[in-house]
Every structure is written in C-alpha cells, then in structure tokens.
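What follows is a single structure, written as structure tokens, with notes after it.
The values are calculated or read from the model by the stated rules, or taken from the named source; none is laboratory data. For clarity, every value in this text was computed on a predicted model and none was experimentally measured. All Cβ positions, even for glycine, are placed from backbone atoms using ideal geometry, and neighbour counts span all protein chains on display.
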Amino acid sequence: MEDRYRSEPLNRHHDRASFSCGVEVLDRYFQHQAGQDQRRGLAALYVLIDATTGALVGYHTLSTFSVFPKSLPAELTARLPRYETLPAILVGRLAVDRRYRGQGLGQLLLLDALARCLAISHDIGALVVVVEAKDDAARAFYEHHGFLPFADHEHRLYMPIATIAKLGL
C-alpha cells in the first residue's frame, strides 16, 4: 500500500458521519450500521486512512459466505466433493469518499480486501471471494479487476482464491 494511505480496522475514533461516497445505501450503512455489525460479529470493517490528513478515505467489509456449487463453473468445482455449499469470503461493501474519487483508491481498497481474504483463507478455508455489486457501475469495476459473474445472479461476482494467490499480494 502506498505510504500515504494505511488500512486499519474500524474503531470509535473514525469519523463516519462526514463520509459520503454518493451511494445512499453505502453511506447510510457506514454511518449508522457498520459499528453494530462489527460489534455483533456480522462483518469485519476496514477503513483506508489518508496518513497525511487523518481523513477517512474509504471502507470495505468482509464476512464469511457460502455459495452453491451449481452457481460456479464446472471447471472450478469438478474435482471437489459434492457438498451442498462451498466456503467463500464476501466483500459485502466497498466505497470511496467522493472527495477521493478518481485517484485509484477503489482499487487500493479492493487489493487490501483481497490480500486480507487470501490470508484468512489459509486459516478458515475458502474457494472464492464474492462481491455484491450495488449497480452496473460497481459490476463494471469488479469485472475490470478480474471478477467473474455468477451464472444465476446479475450483480454477484466471484474470484477464485487461487487467482488471488497468483496476484502476489
């Protein structure tokens, strides 16, 4: 990660009230629900901080997830046991404050999330990382970064952990 930015777990001293990415559902979640989800163990939240100003640049969430084998291509599941569901990690939300748009920080947040997913997968096991794109623009962002669409869900995409391991994160 660039020296100017650092990623850390969300805590009480982070100023969530002034965060605005321009997508109401992501702003509302971060401002009003994120802390509760973290305290309840429903999601792990990480924030990207501008080390020069202390400003909160963006955030992402991680949680466990399961996918149905039939949702993934046969070449990914063909040699696996016939389990009802397969383990995954969900990047449920990812957003950059509008003051920091256009600087490649969405990609920096995504790479941070993927590096954390790769590390976690060694401890808990996960076949893929899943993202839930909130709209077509978000779907295009994830596709640009190598995520593949699920056959049965227009805005749900995945990336195999094996692919992430090859990125050298």
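Looking at the stretch 31-50, which of the residues that are part of a helix (DSSP H, G or I) and out of contact with any strand residue (DSSP E or B) (no Cβ under 6 Å at 6 or more places or on another chain) is surrounded by the fewest Cβ atoms within 10 Å (Cβ to Cβ)?
My answer is ARG39.
Can you tell me which of (1) over 26 Å from ASP3 (Cβ atoms); (2) surrounded by fewer than 18 Cβ atoms within 10 Å (Cβ to Cβ); (3) under 19 Å from the mean Cα position of the chain (by Cα) is the one LEU86 doesn't meet?
For LEU86, the failing item is (2).
Kindly indicate the residue of the stretch 71-88 that is of a type outside the set (Val, Ile, Thr) and in contact with a Ser or Thr (Cβ under 8 Å, 6 or more places away or on another chain) and also nearest to GLN36 (Cα to Cα) among those meeting that condition.
ALA88
So, in the stretch 61-85, exactly how many residues are touching a residue at least 24 places away in the same chain (Cβ under 8 Å), part of a strand (DSSP E or B) and of a type in the set (Gly, Ala, Ser)?
So the count comes out to 1.
Just the residues that are of a type outside the set (Val, Ile, Thr) and either in contact with a strand residue (DSSP E or B) (Cβ under 8 Å, 6 or more places away or on another chain) or assigned to a loop (DSSP other than H, G, I, E, B) (or both), please, taken from the stretch 20-30.
SER20, CYS21, GLY22, LEU26, ASP27, PHE30 - these are the residues of the stretch 20-30 that are of a type outside the set (Val, Ile, Thr) and either in contact with a strand residue (DSSP E or B) (Cβ under 8 Å, 6 or more places away or on another chain) or assigned to a loop (DSSP other than H, G, I, E, B) (or both).
Can you tell me which residue within the stretch 119-149, out of those that are surrounded by fewer than 19 Cβ atoms within 10 Å (Cβ to Cβ) and in contact with a helix residue (DSSP H, G or I) (Cβ under 8 Å, 6 or more places away or on another chain), is farthest from ARG6 (Cα to Cα)?
Going through the stretch 119-149, the residues surrounded by fewer than 19 Cβ atoms within 10 Å (Cβ to Cβ) turn out to be 119-120, 122-125, 132, 134-137, 140-141, 143-146, 148-149.
Then keep just the ones that are in contact with a helix residue (DSSP H, G or I) (Cβ under 8 Å, 6 or more places away or on another chain); that gives 134, 141, 145-146, 149.
Details: LYS134: 25, PHE141: 22, HIS145: 21, GLY146: 24, PRO149: 30 Å.
Per the stated criteria, the residue is PRO149.
State which residue is modelled with the lowest pLDDT when the search covers only the stretch 52-81 and only residues that are farther than 17 Å from MET159 by Cα and surrounded by 13 or more Cβ atoms within 10 Å (Cβ to Cβ).
Only one residue fits best here, namely ALA55.
Which condition from (1) within 18 Å of the chain's Cα centre (by Cα); (2) loosely packed, with under 14 Cβ neighbours inside 10 Å; (3) part of a loop (DSSP other than H, G, I, E, B) is the one that ALA17 breaks?
Unmet condition: (1).
Might you let me know whether the stretch 92-103 holds any residue that is farther than 23 Å from ASN11 by Cα and crowded, with 18+ Cβ neighbours inside 10 Å?
Scanning the stretch 92-103, I find no residue that is farther than 23 Å from ASN11 by Cα and crowded, with 18+ Cβ neighbours inside 10 Å, so the answer is no.
Of all the residues that make up the stretch 136-169, how many are in a loop (DSSP other than H, G, I, E, B), of a type in the set (D, E, K, R) and within 15 Å of the chain's Cα centre (by Cα)? Give the steps one after another, and end with the answer.
Restricting attention to the stretch 136-169, the residues satisfying the condition of being in a loop (DSSP other than H, G, I, E, B) are 145-147, 151-152, 166-169.
In the following step, the residues that additionally are of a type in the set (D, E, K, R) were identified as 152, 166.
Okay, now just the ones that are also within 15 Å of the chain's Cα centre (by Cα), so none.
The qualifying residues number 0.
Would you check if LEU90 is assigned to a strand (DSSP E or B), touching an Asp or Glu at 6+ places or on another chain (Cβ under 8 Å) and within 15 Å of VAL128 (Cα to Cα)?
Taking the combined requirement at face value, the residue satisfies it.
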